[in-house]
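Worksheet: the structure to be examined is printed underneath.
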Amino acid sequence: MFINRTPFVEQMQQTECGICCISMVAGKYNAHKTLRELRNMAGIGRDGVTLYTMRNTAVRLGFKAKVFRAELHQLSQLRLPVIAHWNENHYVVIDKINKNSIKIIDPAVGRQTISYEEFQKSYNFIVLEMTPTEQVVPQKRVSVWGKFLKYLMEIPKKVTIVIIIAIIYQLGTLGMPILVQYLIDNIITANKFQLLSIFMVSVIFLTIVQGFVQFFRGKFIIVLNNTLDKRMMQHFFSHILKLPYQFFQLRSFGDLLFRASSLRIIREMLSSKLVLGLLDFSAITFITIYMLNKSLVLTSLVVGLSLLNVLMLILTKRRLKEVNQDEILKTSQLQSYQTEFLYGIFGIKTAGIEKETYHRWASFLDQLIQAYKNKEGFMNMIASLSGTLQMMSPLLVLWIGAMLVFNNQLSLGELIAFYSLSNNFFSMSGSIVQTINSFMLTGAYLERVQDVLDEPLEHTDDDKESITEFKGNIRLDNVSFRYSEHSDWVVKDISLDIVSGQKIAIVGQSGAGKSTLAKLILGLYMPSNGKVYFDGKDIRELNLSALRKQIGVVPQDVSLFNRSIKDNISLYKEDVSLEEIQSVTKMAEIYEDIVRMPMGFNTMVSELGMNISGGQRQRIALARALLNKPSVILLDEATSSLDHQNEKRIDHFLRRLKCTRVVIAHKLTTIMDSDLIIVMENGEITALGTHHDLLKKSEFYAEFYAKFQEHAYSPV
């Protein structure tokens with residue numbers, strides 16, 4: 001079996017370091033697997049994977065795998081690479097053990113060489129060893145370039161125009177040295193002074209034409225760039241909006257935004273560098289044919305010097321890819337942390353940890369700066385060597401060419417033309433080398449973007465049945481849910497009938513599965529087992545987007561947008577009148593608060609709604625939920641920030657709507673009048689009934705009520 005260098009595979013989400021390590025070790029033996037394939041095999045969920053699951057995944061790939069305890073001195077006796085348990089909740093690959101250091105590959109950080117002392121601080125003395133067997137199937141690493149080249153194939157007319165204009169421009173550039181040769185050999189040397197003015201006027205005219213061609217080339221490249229930008233961004237964000245809710249629970253928002261911004265780098269590669277690089281290659285072919293026709297000696301010199309440039313690229317390729325991947329990784333980590341602390345600024349301020357937050361941010365910044373220095377320093381070294389070679393090469397051509405002129409093997413005009421063309425040759429070959437470098441570097445961005453685009457979409461197909469008049473009847477038939485094939489059940493064997501117009505309450509301790517059950521009812525999660533029916537129709541056969549438009553949701557943590565209050569309620573629906581918005585705000589008891597604001601309904605809400613109170617945010621969210629006249633409304637601690645009087649008035653309005661209400665609350669005043677109260681413990685329904693029924697038959701609910709009474713009547 002062919003054995004190569006252990007590849008670096010970056011983890012795309014926090015819970016997949018284990019499968020990244022499996023991918024790296026498998027790649028060592030040329031059995032490359034995509035993270036998408038390994039996620040499906042290992043069943044990656046919210047809580048990551050265990051060593052047991054990792055061992056089973058390795059066995060399914062054809063490896064003999066075993067997990068065991070290994071002391072530090074025993075590691076050198078193992079067949080490297082091996083996977084090590086790291087810092088209690090992480091995995092890394094031990095790639096090489098030297099006399100004074102150990103080389104590890106961390107899927108979250110990259111390649112590192114650390115001392116034995118540093119290694120011992122994080123090593124948990126547990127390893128997973130993967131030994132290849134005959135069952136291991138060699139598999140090449142999948143290239144993602146083909147999936148992005150399709151964007152060029154979708155706009156053949158624009159690409160063709162750019163190519164044709166670029167060819168005309170290059171023909172003009174290459175033709176100029178040949179015209180100079182003609183000037184020297186056929187006009188100046190031949191003393192044909194009468195042709196000089198005509199010739200020079202013609203050359204000036206061609207130069208002006210060349211300038212116009214250059215202008216139109218740049219203009220059409222801008223058009224091509226804009227078209228690619230639009231198509232790629234539309235595809236990316238359209239795909240993201242169609243991904244299931246679970247995807248966003250496992251991803252960093254900052255990292256997703258970084259991937260989106262990477263599309264511009266990919267577009268630059270596709271629209272300019274790739275197309276022009278291919279044209280440079282074609283031009284070099286024509287130059288070589290011309291030069292061979294004039295002098296085999298000089299052509300061999302030019303090609304030989306250019307091959308030195310290519311050799312340098314081959315020798316530096318691996319290191320260049322490593323330093324680029326490291327910079328991308330550090331940039332993503334910094335952006336993710338910046339997004340994290342901005343979202344969590346309330347907690348940072350209230351805990352008084354501004355200094356600690358700054359120092360952690362500065363640590364990420366220092367790592368990025370170091371990664372940038374490493375990459376730029378290495379690229380600067382390559383550019384310096386390449387530039388020196390490019391400056392020296394034409395001089396060598398001039399030197400050898402001059403000898404050929406003295407020996408009457410070459411005319412002076414041919415030497416000047418050869419010198420100019422060799423400059424073009426070296427410039428274009430250098431450009432091709434840079435294009436190949438960019439091609440390799442862009443691959444890291446491509447993989448990060450493609451990782452998102454490979455995620456399966458939610459079932460929101462337009463060809464599925466749309467419930468246009470949802471009555472609000474919901475039935476759960478033996479529904480169970482877990483985040484992955486190997487994780488614990490979060491909700492188990494739930495059977496429940498919710499009748500249109502009922503008020504249903506869900507109670508239980510934190511972690512009992514209340515919010516998960518609510519998300520199953522909303523269709524945000526698909527059941528792992530069992531079925532969910534809406535008005536008697538299986539949710540898997542319905543258009544989810546159409547269904548959700550008829551369900552109102554008021555979450556505990558309300559998300560508001562940096563837009564006006566009116567836009568936050570209407571969510572940009574153009575067919576909604578101000579009167580309708582005012583009506584729902586009155587139902588949500590927020591109308592008086594809004595009209596007292598300086599700009600009324602046009603008052604701008606800051607990002608996340610930080611400039612208004614928690615109670616106001618909840619009532620705006622309630623108004624938003626009521627605007628669509630929902631058949632079902634879910635209230636997840638939706639009135640937790642409200643006073644008793646406001647809460648009572650809102651409940652009175654909701655009763656008049658006669659829609660199905662599903663309430664998750666810890667305040668008994670909110671749920672005591674429910675038609676059905678569901679008690680959940682450890683993901684199961686342990687009791688259900690009315691308030692009075694549960695006081696008699698549910699120990700948990702009776703204790704819950706007793707604590708409520710104790711708190712309600714305790715002296716202030």
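The values are calculated or read from the model by the stated rules, or taken from the named source; none is laboratory data. Predicted, not measured: the structure shown is a model, and the values here were computed from it. Reconstructed Cβ throughout: ideal geometry from the backbone, glycine too, with neighbour counts over all protein chains shown.
Each residue in the stretch 470-492 was checked for being touching a Ser or Thr at 6+ places or on another chain (Cβ under 8 Å) and either at positive phi or modelled with pLDDT of 75 or more (or both), and 16 of them qualify. Output the residue which, of all residues in the stretch 540-565 that are surrounded by fewer than 19 Cβ atoms within 10 Å (Cβ to Cβ) and more than 29 Å from the chain's Cα centre (by Cα), is modelled with the highest pLDDT. Among those that are surrounded by fewer than 19 Cβ atoms within 10 Å (Cβ to Cβ) and more than 29 Å from the chain's Cα centre (by Cα), it is 564. Of all the criteria given as (1) over 23 Å from the mean Cα position of the chain (by Cα); (2) crowded, with 17+ Cβ neighbours inside 10 Å, the one not satisfied by residue 383 is (2).
Scanning the stretch 186-197 for residues that are part of a helix (DSSP H, G or I), in contact with a strand residue (DSSP E or B) (Cβ under 9 Å, 6 or more places away or on another chain), surrounded by 15 or more Cβ atoms within 10 Å (Cβ to Cβ) and of a type in the set (A, V, I, L, M, F, W, C) turns up nothing.
Listed by first and then second residue, the pairs linking a residue in the stretch 282-299 that is in contact (Cβ under 8 Å) with a residue 24 or more places away in the chain to a residue that is charged (D, E, K, R) and surrounded by 14 or more Cβ atoms within 10 Å (Cβ to Cβ), with Cβ atoms under 8 Å apart and 6 or more places separating them unless they lie on different chains, are 294/414; 295/414.
For the stretch 12-58, a residue qualifies if it is of a type in the set (Ser, Thr, Tyr) and over 21 Å from the mean Cα position of the chain (by Cα), and the qualifying residues are 29, 50, 52, 53, 57. Tallying residues that are assigned to a loop (DSSP other than H, G, I, E, B) and either modelled with pLDDT of 90 or more or not assigned by TED's automatic domain parsing to the domain that holds residue 89 (or both) within the stretch 107-132 yields 0. Restricting attention to the stretch 625-653 and to residues that are within 9 Å of residue 588 (Cα to Cα) and crowded, with 20+ Cβ neighbours inside 10 Å, the residue that is modelled with the highest pLDDT turns out to be 626.
Condition check for residue 505 on (1) surrounded by 15 or more Cβ atoms within 10 Å (Cβ to Cβ); (2) part of a loop (DSSP other than H, G, I, E, B): one failure, at (2).
Scanning the stretch 607-637 for residues that are of a type in the set (S, T, N, Q), assigned to a helix (DSSP H, G or I) and touching a residue at least 60 places away in the same chain (Cβ under 8 Å) returns a single hit, 618. Please determine, by comparing only the residues of the stretch 142-177 that are of a type outside the set (D, E, K, R) and outside any helix (DSSP H, G or I), which one is nearest to residue 453 (Cα to Cα). So the residue we want is 144.
Name the single residue that is modelled with the highest pLDDT among those in the stretch 689-705 being among the aliphatic types (A, V, I, L, M) and more than 10 Å from residue 507 (Cβ to Cβ).
Restricting to residues being among the aliphatic types (A, V, I, L, M) and more than 10 Å from residue 507 (Cβ to Cβ), the top hit is 695.
The listed residues are 37, 88, and the only one of them that is more than 16 Å from residue 131 (Cα to Cα), free of Cβ contacts under 8 Å to residues at least 24 places away in the same chain and among the charged types (D, E, K, R) turns out to be 37. Output the residue which, of all residues in the stretch 247-288 that are out of contact with any helix residue (DSSP H, G or I) (no Cβ under 9 Å at 6 or more places or on another chain) and more than 17 Å from residue 453 (Cβ to Cβ), is surrounded by the most Cβ atoms within 10 Å (Cβ to Cβ). Checked the stretch 247-288; the qualifying residue surrounded by the most Cβ atoms within 10 Å (Cβ to Cβ) is 249. For beta carbons closer than 6 Å, sequence separation of 6+ or different chains, a first residue in the stretch 685-704 that is touching a residue at least 24 places away in the same chain (Cβ under 8 Å) and a second that is in a helix (DSSP H, G or I), the qualifying pairs are 701/694.
The set of residues from the stretch 640-692 being part of a loop (DSSP other than H, G, I, E, B) and among the polar types (S, T, N, Q) comprises 640, 641, 674, 682, 690.
So that you can scan it fast, the table gives a plain yes or no per residue for (1) surrounded by 21 or more Cβ atoms within 10 Å (Cβ to Cβ); (2) closer than 30 Å to residue 652 by Cβ:
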site	(1), (2)
465	no, no
469	no, yes
478	no, no
491	yes, no
494	yes, no
509	no, yes
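Is at least one residue of the stretch 186-197 assigned by TED's automatic domain parsing to the domain that holds residue 277, out of contact with any Leu (no Cβ under 6 Å at 6 or more places or on another chain), of a type outside the set (A, V, I, L, M) and on the phi > 0 side of the Ramachandran plot? Yes, the conditions are met somewhere in the stretch 186-197.
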